[in-house]
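As structure tokens, the structure follows; a few thoughts come after it.
Throughout, read-outs are computed from the coordinates displayed, never taken from laboratory work. Worth saying up front: this structure is predicted, and the values here are computed from it rather than measured. Quick reminder, even Gly has a Cβ in these numbers, built from the backbone with ideal geometry, and neighbours come from all protein chains shown.
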Amino acid sequence: MTKPIGFFDSGVGGLSVLKVAMEQSNTPYLYIGDTLRVPYGVRTPEEVKRFTLECIDLMAAQDPAAVVIACNTATAYALKAAQARYDFPVIGVIGPGARAAVEKSQKKKIALLATEGTVKSGHYRETIRSYDPSIEVVGVGAPDLVVAIQDGHMDDAEVEAIIARYLEEFGDFDYDTLILGCTHFPLARSVFERLIPAERGVAIIDPAVPTVQQLEAYFAPDGGDGSIQFMATDDIVAFQNIAERVLDLSGSKSVFQKVNVGGK
Ligand code: DGL
């Protein structure tokens, strides 16, 4: 039997990464969203690390082929610890996202919209600068956007006003590449595309795309049976509603289950 690929996020954001993977393969997937303790972006590095490992432990019990930390904040603060802890590969989103942005930016000016935790960690900046130290990176933390999307606002006036406000914070920084550095944000991609007109020539980077390219080796050779086990640490009905809006589950055998973790 093919081993599942696991996805972890603080909430519904990782669904944007799972969505890209589902477009490639019907291999079995596991997903856990720590909806009880979201948002992670305003938490201490120690909390993010502990919560992340507690959640991945739940998937480790199911012997996954690999686990994706489909959360930038958790990648920033827990990827190394997770890679040391488990005997399966653990893949983060920042390395692939940073590299894709470097490849796109002609002007060498990259804007990063992420959680405050991700911006503060300096992880994107360091990774980008490891490719080219002359690249300018400006980061803006967007906590209200995480909350709005987690609450299901993905393409309405409310989320549009929030995104517009955060984009203004880049001021006159003349970027040609914008990293959606929180996995919640691609769920509102259509709003970003509306607010940043094509003639500005800004490439919008979703790190999910290059991240999923790394999963090919773990996809079921027979195409997979489309089974997906979703877990959330809080109200499973609220989580399921958003998952069903974001993903096409018609060809999948999906189950939704509330799970318990260590406490707030
Ligand atoms: N989706 C997450 C990320 O990519 C975290 C959002 C949050 O919990 O603050 O950073």
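Numbers below:
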{"read-out": "Amide H within-cut-off set for THR35, under 5 Å, with H built and near neighbours excluded", "value": "THR233, ASP234"}
{"read-out": "Karplus-derived 3J(HN,Hα), 6.51/-1.76/1.60, for each residue of the range 204-215, Hz, glycine and proline x", "value": "9, 9, 9, x, 4, 5, x, 5, 5, 4, 7, 8"}
{"read-out": "Residues THR75, THR177, sorted so that the one with the fewest Cβ neighbours within 10 Å comes first", "value": "THR177, THR75"}
{"read-out": "Where labels lie 7 Å past Cα in the beta-carbon direction, separation of LEU249 and ARG165 in nm", "value": "3.2"}
{"read-out": "Euclidean distance of C-alpha centroids, the range 207-229 and the range 60-115, integer Å", "value": "16"}
{"read-out": "Ratio of the Cα radius of gyration of the chain to 2.2 N^0.38 Å, where N counts its residues", "value": "0.95"}
{"read-out": "For the range 77-120, size of Cβ-based charge dipole, Lys and Arg +1, Asp and Glu -1, in debye", "value": "280"}
{"read-out": "Lys, Arg +1 and Asp, Glu -1 on Cβ, resulting dipole of the chain about Cα centre, debye, nearest 20", "value": "600"}
{"read-out": "Debye, to nearest 20: dipole size of the range 177-252, +1 on Lys, Arg Cβ, -1 on Asp, Glu Cβ", "value": "380"}
{"read-out": "Computed over the range 92-209: relative contact order in percent, which uses C-alpha pairs under 8 Å that are six or more apart", "value": "36"}
{"read-out": "Peptides 242-254, 46-58 ordered by average Cβ neighbours within 10 Å, highest first", "value": "46-58, 242-254"}
{"read-out": "Cβ-based exposure ranking for TYR31, TYR166, in which fewest neighbours within 10 Å come first", "value": "TYR166, TYR31"}
{"read-out": "Lysine pairs within the chain, Cα separation less than 20 Å, 8 or more sequence positions apart or different chains", "value": "8"}
{"read-out": "The chain - mean residue ellipticity at 222 nm from DSSP helices (-39,500 (n - 2.57) per run, n ≥ 4, rounded to 500)", "value": "-12000 deg cm²/dmol"}
{"read-out": "Amide proton proximity set for ILE204, modelled H, under 5 Å, gap of 5+", "value": "LEU178"}
